[in-house]
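Below is one structure, written out as structure tokens; the observations come after it.
What follows draws every value from the coordinates through simple rules; no lab data is involved. This structure is a prediction, so every number in the text was calculated from the model and none was measured. Using ideal geometry, Cβ is built from the backbone for each residue, glycine included, and neighbour counts are taken over all protein chains shown.
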Amino acid sequence: MSQKISLTRYLVEQQRADGLIPSQLRLLLEVVARACKSISQAVNKGALGGVLGAAESENVQGEIQKKLDIIANEVLIEANEWGGHLAAMASEEMDSIYVVPNRYPQGEYLLLFDPLDGSSNIDVNVSIGTIFSVLKKPEPATGEPQQDVSEQDFLQAGSQQVAAGYCVYGPQTTLVLTVGNGVAMFTLDREQGSFVLTQENVRIPEDTKEFAINMSNMRHWDTPVKRYIDECLEGKDGPRGKDFNMRWIASMVADVHRILTRGGVFLYPWDKREPEKPGKLRLMYEANPMSWLVEQAGGAATNGKERILDIPPTKLHQRVSVILGSKNEVERATGYHSAL
Ligand code: AHM
Ligand code: MG
């Protein structure tokens with residue numbers, strides 16, 4: 001790319017070209033990007049910043065929080081609450097929604113985030129990231145008065161998202177974004193302090209020879225998932241007729257980033273360890289934004305039975321089974337579920 005295009009310029013040009021990014025949404029995305037820059041600084045400092053290790057608290061899902069989980073959550077809230085672009089926020093790390101305090105103007109958007117995904121990788125210096133999803137606060141029915149924002153307003157299917165993305169803190173800090181017309185990637189230029197467009201029209205190849213799953217859970221999987229992985233493992237002498245490679249980073253952001261970069265399939269399926277839970281990953285903070293990015297790049301995302309973006313959420317911290325990535329592989333693995 002001969003001329004550097006900053007995130008700001010990209011958003012302004014998108015707004016001009018197709019009106020997909022109204023001013024409030026543009027401000028929102030810029031503020032999220034600024035917050036990610038600041039989280040990236042904290043992540044980079046590591047032990048020097050005293051940010052590693054566990055905090056003394058648990059989140060709503062009973063998981064021990066890391067210091068950086070809490071710092072990242074606070075950075076995102078403080079950055080976003082005063083700009084007038086948001087009505088409320090919801091986070092994987094907070095029990096209930098955070099309504100913008102009434103000392104600030106209320107905007108029309110709702111922001112959801114997993115402030116620091118891949119927490120188990122923080123202390124071992126492996127890539128982690130921030131995932132975010134933006135919805136519009138529903139309009140009251142005609143003639144009805146404007147209601148205070150509530151948790152119910154957040155319970156919209158992923159297909160209703162107006163923007164989604166993640167920022168991966170790895171060897172480079174990269175922000176990946178969709179507003180519904182493809183996927184763009186921006187790399188943080190630390191000298192300039194700005195995100196620079198480094199890839200547009202990201203496409204996921206439809207076929208792949210790479211899968212990502214936590215193999216240690218194999219004995220707990222359901223038959224269709226076991227069949228799919230068994231066939232991959234049989235390699236070129238098996239029914240797939242090709243050898244597969246495996247990668248599992250245990251940071252969804254890093255695994256999805258690899259898939260957006262060179263293809264692959266990612267699975268975090270339901271398993272028998274906790275049969276009452278539909279899966280480990282969270283629909284609203286992880287699966288929906290990632291599924292939309294993957295679809296926008298030509299891939300697919302299902303829970304084994306249906307398109308993730310069509311699932312009507314019933315609660316904020318809902319979990320879901322996830323199969324996403326290269327289209328033909330996702331279709332095959334999903335097909336094995338209905339073959340039963
Ligand atoms: P987190 O949001 O608490 O970090 O958990 C989500 C992460 C995903 O990033 C990753 O795909 C998965 O959990 C890894 O799980 P496991 O440790 O079971 O391999
Ligand atoms: Mg997470």
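Some points to look at:
- Cα-Cα over 30 Å, subset of Lys37/Lys272; Lys45/Lys137; Lys236/Lys327: Lys37/Lys272; Lys45/Lys137
- Cysteine residues of the chain whose C-beta has no other cysteine C-beta under 4.7 angstrom: Cys232.
- Under-5 Å amide H pairs with Lys280, H placed in peptide plane, nonlocal only: Val320
- Where a label projected 7 Å from the Cα of Glu331 along Cα→Cβ would reach, residues of the range 180-211 with amide N under 12 Å: 206-207
- For the pair the range 23-89 / the range 262-336, the C-alpha centres are spaced 25 Å from each other.
- Antiparallel DSSP beta bridges within the chain, percent to nearest 5: 85 percent
- Once the Cα gyration tensor of the chain is diagonalised, semi-axes √(5λ) in Å: 31, 23, 21
- Rounded, prolate or oblate (a/c below 1.5 giving rounded, otherwise prolate when a/b exceeds b/c) for the range 7-199 by Cα gyration tensor: oblate
- Across the chain, C-alpha contacts under 8 Å between residues 6 or more apart give a mean separation that, scaled by the residue count, equals a relative contact order of 15 percent.
- Summarising the strand pairing of the range 210-338, around 75 percent of its internal DSSP beta bridges are antiparallel.
- Applying the Karplus relation 6.51 cos²θ - 1.76 cosθ + 1.60 with θ = phi - 60° to the range 163-171 yields 3J(HN,Hα) values of 7, 7, x, 8, 10, 9, 9, x, x Hz, where x marks Gly and Pro.
- Compared with the dominant Cα axis of the chain, that is its longest principal axis, helix 327-338 is turned about 70°.
- Bridgeable aspartates and glutamates around Lys209 (alpha carbons under 15 Å apart, same-chain partners fewer than 8 residues away excluded): Asp230, Glu231, Glu234, Asp237, Asp243, Asp255, Glu329, Glu331.
- Among beta bridges that DSSP assigns inside the range 33-144, antiparallel share in %, nearest 5: 70 percent
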